[in-house]
């Protein structure tokens, strides 16, 4: 993720113009050797092992956080206290308490902030939201979403920080579900109520350092029912052990006059079915990404050539720099990270209580 952010930081000016140029000053890593090598490889002027000194440096304007989840809160709060703008990967923090503290501090300090929900920066998701808002699907009556990957599908995958509550927080829910929840909110608005089931399938994994089997402290899979504030109901399925899936983030929006399908593994396409088509000629058709679709044109002048995941990170960086330059709110920001955390926490509580739980709104 650090490499993806570095690529985006260096690419923003090439895609969006000189106003978005940034200077990559200092990179922090765990050891002097890693910091030095990473700084050289990723185009930073210097490397350090002292992230607190980096945050306090008066010559640095923006702090970019690409660390394991447990460090997000300490780093973000320190950066905000130093008056820095902050770009932080998701999830915002380990839990609701930390997320609330970060959002409150950012509001008090009036610093710009962006959270790494890069998938909704895709121009095709912008098109989908515009089509829904314009009524092209008629009345929306249902949602189905999933985020399936298999990076921990093999029981032989070793124990890591991702398996510990104190380092990762929740498991598949924080790592993958946060993106799905954000995308659902982006397309259909706030989620009001949830019911969920969380399951840890591979309950132990081998610690490479000790050779011992250690308990996995968070979930591999989530199945959830959701009800949006609008009354629309839907389902979510999240898994980090779904063999064969690499980035299986997909959503369906069902309406009375049409349906939209989006699959992140085919991120330059949007499938659309419309009942307005002539009877006997109906079927899903493909809307192919092209320069007429928002930010796509900044990368390529021709349709069909396609954007990639790193391009979405470039758009994310542009959003932050634009907000800093214009002194406006960036999107998606830390408040969105808190809203997503509210939903995740409600899902965990619903699973524990075996029932429906109201999602606490963000003030």
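Derivation of every value follows stated rules applied to the coordinates shown; laboratory data play no part. Since this is a predicted model, take the numbers as computed values, not measurements. Note that each Cβ is placed from the backbone with ideal geometry, even for glycine, and that neighbours are counted across all protein chains shown.
Assorted remarks:
- Relative contact order (%) - criterion: Cα under 8 Å, at least six apart; region: the stretch 259-303: 27
- When you work out D = kT/(6 pi eta Rh) for the stretch 19-117 at 20 °C and 1.002 mPa s, using the Kirkwood radius from C-alpha pairs as Rh and the Stokes-Einstein form, the result is 155 µm²/s.
- Build a GNM of the chain with springs between Cα atoms under 10 Å apart, and of 317, 114, 141 the one that fluctuates most is 141.
- Its Cα gyration tensor gives the stretch 145-223 an equivalent ellipsoid. The semi-axes, each the square root of 5 times an eigenvalue, are 28, 11, 11 Å from largest down.
- The alpha carbons of the stretch 208-264 give a radius of gyration and a Dmax of 17.2, 58 Å, in that order.
- Summarising the label geometry, the points placed 7 Å from Cα in the beta-carbon direction at residue 97 and residue 37 lie 3.8 nm from one another.
- Relative contact order (%) - criterion: Cα under 8 Å, at least six apart; region: the chain: 20
- Taking 7 Å steps out from each Cα toward its Cβ at residue 150 and residue 225 produces label points 3.1 nm apart.
- Fewest neighbouring Cβ atoms within 10 Å first, the residues 324, 241 line up as 324, 241.
- Gaussian network model of the chain, Cα within-10 Å springs - most flexible of 170, 239, 274: 274
- When the alpha carbon gyration tensor of the stretch 14-75 is reduced to an equivalent ellipsoid, the three semi-axes, largest first, read 21, 15, 12 Å.
- Spin-label pair residue 212/residue 235, simplified geometry with 7 Å Cα→Cβ offset, distance in nm: 4.1
- Note on the chain: GNM, Cα springs under 10 Å; of 35, 335, 18, the largest mean-square fluctuation is that of 18.
- Extension gain, residue 197 to residue 305, is 34.9 nm, computed as 0.36 nm per intervening residue step minus the present C-alpha separation.
- Sequence of 151, 87, 245 once ranked by neighbouring C-beta atoms within 10 Å, starting from the fewest: 151, 245, 87
- The stretch 218-363 shape via C-alpha gyration tensor axes, a/c threshold 1.5: oblate
- Centre separation in Å (Cα based) which lies between the stretch 326-355 and the stretch 195-274: 16
- Extended-chain gain in nm, criterion 0.36 nm per residue less alpha-carbon gap, residue 23 and residue 275: 85.6 nm
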